[in-house]
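Comments concern the structure below.
The values are calculated or read from the model by the stated rules, or taken from the named source; none is laboratory data. This structure is a prediction, so every number in the text was calculated from the model and none was measured. Counting neighbours? That spans all protein chains shown, and the Cβs are built from the backbone with ideal geometry, glycine included. Remember, those area values only see protein heavy atoms, side chains included, never the ligands or the DNA or RNA. Shrake-Rupley method; radii C 1.70, N 1.55, O 1.52, S 1.80 Å.
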Amino acid sequence: MTKPAYRSIKRDQIPEVELEGGRLRILAGSYDGQQGVQGNYQPIDYYDITVEPGKTVTIPQRRADRRCCFLCWGCTVAGEDLEEKTAALLSDGDQVTIEGKEKRAKVLFLSGSPLKEEIAWEGRW
């Protein structure tokens, strides 16, 4: 088992990508050829996505990855209306579509390959 390691990420280390209808900040991983901070062991993509009211953005994904999101402000994700402060595990596919409702949508989005390892609750097997 590896000891936990923590590091801070400064604002100038977070690339921003303008999207038609929104903006994507790369908190970790990469998007559209731009690289953000990457961890030492398990690569993930971690995005802070903003979608303007009435607009839609589509984020391409690797089909084998698992993905989830946390909605800071309500919006429609993958065709489902989700409430504010809701976490959602998303189904397989090669893209995720996020639609802003009457106000700007704010989503924290994570994706990565599954570990396929047992869970050790409280560090016990």
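The condition (being part of a strand (DSSP E or B) and under 25 Å from K116 (Cα atoms)) is satisfied by just one residue among V96, V17, V37: V96. Residue-level check: of (1) under 25 Å from A5 (Cβ atoms); (2) surrounded by 12 or more Cβ atoms within 10 Å (Cβ to Cβ), Q61 misses just (1).
For region 7-41, a tally of residues being open to solvent by less than 70 Å² (accessible area, probe 1.4 Å) and either touching a helix residue (DSSP H, G or I) at 6+ places or on another chain (Cβ under 7 Å) or not basic (K, R) (or both) returns 17.
Each row is one residue, and each column tells you yes or no for (1) of a type in the set (A, V, I, L, M, F, W, C); (2) surrounded by fewer than 16 Cβ atoms within 10 Å (Cβ to Cβ); (3) under 11 Å from the mean Cα position of the chain (by Cα); (4) part of a strand (DSSP E or B).
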| site | (1), (2), (3), (4) |
| --- | --- |
| A5 | yes, yes, no, no |
| D48 | no, no, yes, yes |
| G54 | no, yes, no, no |
| E84 | no, yes, no, no |
| E102 | no, yes, no, no |
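Read through the list (1) surrounded by 13 or more Cβ atoms within 10 Å (Cβ to Cβ); (2) at pLDDT below 85; (3) in a strand (DSSP E or B); (4) not hydroxyl-bearing (S, T, Y), then give the number of the only condition that K106 fails. That leaves (2) as the condition not met. Residues considered: I26, I14, I98, I59. Of these, the only one that is touching a Leu at 6+ places or on another chain (Cβ under 7 Å) and either aromatic (F, W, Y) or modelled with pLDDT of 75 or more (or both) is I14. Could you go through region 66-79 and let me know if any residue there is more than 16 Å from the chain's Cα centre (by Cα) and in a loop (DSSP other than H, G, I, E, B). Yes: region 66-79 contains one or more residues that are more than 16 Å from the chain's Cα centre (by Cα) and in a loop (DSSP other than H, G, I, E, B). Which residues, taken from region 71-82, are open to solvent by 80 Å² or more (accessible area, probe 1.4 Å) and under 23 Å from I26 (Cβ atoms)? Matches in region 71-82: W73 only.
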